[in-house]
1. Only one of Lys493, Lys483 is in a strand (DSSP E or B), open to solvent by 10 Å² or more (accessible area, probe 1.4 Å) and more than 18 Å from Asp330 (Cα to Cα). Can you tell me which?
2. Hey, can you tell me all the residues within region 144-171 that are among the charged types (D, E, K, R) and closer than 13 Å to Tyr117 by Cα?
3. Only residues that are touching a residue at least 60 places away in the same chain (Cβ under 8 Å) and open to solvent by 30 Å² or more (accessible area, probe 1.4 Å): list them for region 240-264, please.
4. Take the residues in region 271-300 that are part of a loop (DSSP other than H, G, I, E, B) and of a type in the set (Gly, Ala, Ser); name whichever of them is nearest to Trp567 (Cα to Cα).
5. Of the residues in region 305-326, how many are charged (D, E, K, R), more than 20 Å from the chain's Cα centre (by Cα) and part of a strand (DSSP E or B)?
6. Among the residues of region 158-172, write down those that are open to solvent by 10 Å² or more (accessible area, probe 1.4 Å) and within 22 Å of the chain's Cα centre (by Cα).
7. Go through (1) in a strand (DSSP E or B); (2) closer than 27 Å to Asp194 by Cβ and name the single condition Tyr363 misses.
8. Looking at Gly206, Gly202, Gly237, Gly219 in this structure, which one is surrounded by fewer than 24 Cβ atoms within 10 Å (Cβ to Cβ), at pLDDT 95 or above and at positive phi?
Amino acid sequence: MKAHLKSGLLATASCAALVGFVAGASANDKLIELSKSDENWVMTGKNYDSNNYSPLKQINKDNVKKLKAAWSFSTGLLHGHEGTPRVVNGVMYINSSFPNNVYALDLANPGKIKWQYKPKQDPAARSVACCDLVNRGLAYWPGDGKTPPLIINNQLDGHVVALNADTGEEYWKLENSDIKVGSTLTIAPYVVKDLVIIGSSGAELGVRGYTTAYDIKTGEQKWRKYATGPDEEVGIGDKFNEANPHYGQKGLGTATWEGDAWKIGGGTNWGWYAFDPEENLIYYGSGNPSPWNETMRPGDNKWTMTIMGRDADTGELRFGYQKTPHDEWDYAGVNVMMLSTQKDKSGKMRKLLTHPDRNGIVYTLDRTNGDLISADKIDDTVNVWTHVDLKTGIPVRDPEYGTRMDHKATNVCPSAMGYHDQAHDSYDPNRQLFYLAINHICMDWEPFMLPYRAGQFFVGATLWMYPGPKGDRQNYLGLGQVKAYNAITGKYKWEVMERFAAWGGTLATAGDLVFYGTLDGYLKARDSDTGKLLWKFKMPSGAIGYPMTYTHKGTQYVAIYYGVGGWPAVGLVFDLNDPTAGLGAVGAFKNLANWTQMGGGMLVFSLDGKGPYDDVMLDEYPPELPKL
């Protein structure tokens, strides 16, 4: 691992002192204040609660039909575009799929690129990326008067780069992951205090998952903790799971594995984070154990598939709740963590964490200690579990849908894609509703044995996927849903079917609206209370990112990446036809190409298309009216 500062550090740092840093306020305080502004979208999920909720209501359910495109931007890249842009103080920062270019646009005139960063990556990274060449976004750190504001960019080849947010100049660069063993980076970096938190990818190649914190100013590693292995390396101390010892405590990161299998046991984390500054805890989920073939790794395989609450400063775990002990289906547990404060069923006000998991269960925990509050099925067609025992936290299996060697399991719901994957959902605190973007996919599963070879896929199962029971299995349609969920009552206020998986996620606003993009290329707006479809727009390509909103000069905008890809679209992206290819995705989404094609970029919408180009002379050359 290496980190270096660019020669221009001192010069750029002194310039940054003039940018407007408020003396006496920490960078983290400043980031929190920026996240409260309607003009900004400074981090994944909009704020540390990661609720994708905006109080903006200039665009509302009464006028959303007047929503029209205001401007657009093409990244020039065709692979899937996940995540969403960042907007900070009138500048929009855009990330792309591989090679992970970064663009800065001045919102006063987005037609001219303020700066652009085009990294030169090792192309070998493409061959070990699991599921298309996606990237889930950027991170922003506001500077402290000595170090300039920074944009952090994760690269597929395992490098992390800090860019001067004002100039795009490289500030530091380090190597986090080794692609020679299959470890890549697709996760969005996450800024907490003066740290940037970086996850890992590659469980499908036997990568042992880890999470790392770096000093945002220098790139120096502050801590690294693993999902498997000895307690010290996992970050387990005397107080781990003190409130819930039945979740497991010491020694299990090795004892629940056969021999040294934990060393190639997966548990990477490539999803989303949330942070509670009062508790000083970072929340995220570790992913699937490796390989997928469960016969090759007997035991509970802790601490894969675990909701983790880690101390931001030290990386030590306060709690870890394993949702799927001894995973048999690739229900990687990295999905979104959304924070809320609500009364539980007894009327006690609690700080909660809600997490819709790949395994078909949406969990709500007390985020101060890991207490399990509720565990509801995402859909009544989930059949691998009968229920989750709330006292033990253990899901109760239906053996009919288990997987094992010399057996082909059929009609397993959910599929390996889960009933929820990487979608970044939203939470409306006024309605106390979570808006979940859901898959509706089942599968057949047949395992096989294979040896581990570093840098090669290490899966050990053949999959056939198809729509769930509520879909159209004959025509391979009806692969997704969107639902409004109350975590306290466990009830769904409304739900709608989608033609394909709702892969990207949702945005909720005080305008009584829920926005989301679809794989077949629509941006849609629904009534928050009823789910009624109020507006939609057909984009140049399908969406696997999630929408965001901001204001500029008094106008509210809604922005979303387009660019179909990711796991569901690997057949379309790589022109595959074998239904078992793409880890089973090709068969499930074989009709997607009839609705959309590749193409990457971003669209920005406003009422009546109001925007910077209402002034037709903006960005003209020469800037005078033509002479008649």
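The values are calculated or read from the model by the stated rules, or taken from the named source; none is laboratory data. None of the values given here were measured: they were computed from a predicted structure. When we count neighbours, we look across all protein chains shown, and the Cβ atoms used for this are built from the backbone with ideal geometry, even at glycine. Keep in mind that these areas ignore ligands, DNA and RNA; they rest on the heavy atoms of the full protein, side chains included. Shrake-Rupley method; radii C 1.70, N 1.55, O 1.52, S 1.80 Å.
1. Working: Lys483 fails: open to solvent by 10 Å² or more (accessible area, probe 1.4 Å).
Within the list Lys493, Lys483, the selection yields Lys493.
2. Narrowing region 144-171 to residues among the charged types (D, E, K, R): 144, 146, 157, 166, 169-170.
Asp166, Glu169, Glu170, listed by residue number.
3. Residues satisfying the conditions are Glu242, Ala243, His246, Ile264.
4. From region 271-300, those part of a loop (DSSP other than H, G, I, E, B) are 271-273, 277-280, 286-288, 290-293, 297-300; that's our starting set.
Applying the additional criterion that residues be of a type in the set (Gly, Ala, Ser) yields 271, 286-287, 290, 299.
Values: Gly271: 14, Ser286: 18, Gly287: 16, Ser290: 18, Gly299: 28 Å.
Going through the qualifying residues, I end up with Gly271.
5. Going through region 305-326, the residues charged (D, E, K, R) turn out to be 310-311, 313, 316, 318, 323.
Now narrow it down to the ones that are more than 20 Å from the chain's Cα centre (by Cα): 311, 313, 316, 318.
Still in the list and also part of a strand (DSSP E or B): 311, 318.
Number satisfying all stated conditions: 2.
6. Hit for region 158-172 is His159, nothing else.
7. (2)
8. Values: Gly206 fails: surrounded by fewer than 24 Cβ atoms within 10 Å (Cβ to Cβ); Gly202 fails: surrounded by fewer than 24 Cβ atoms within 10 Å (Cβ to Cβ); Gly237 fails: at positive phi.
Just a single option satisfies the conditions, and that option is Gly219.
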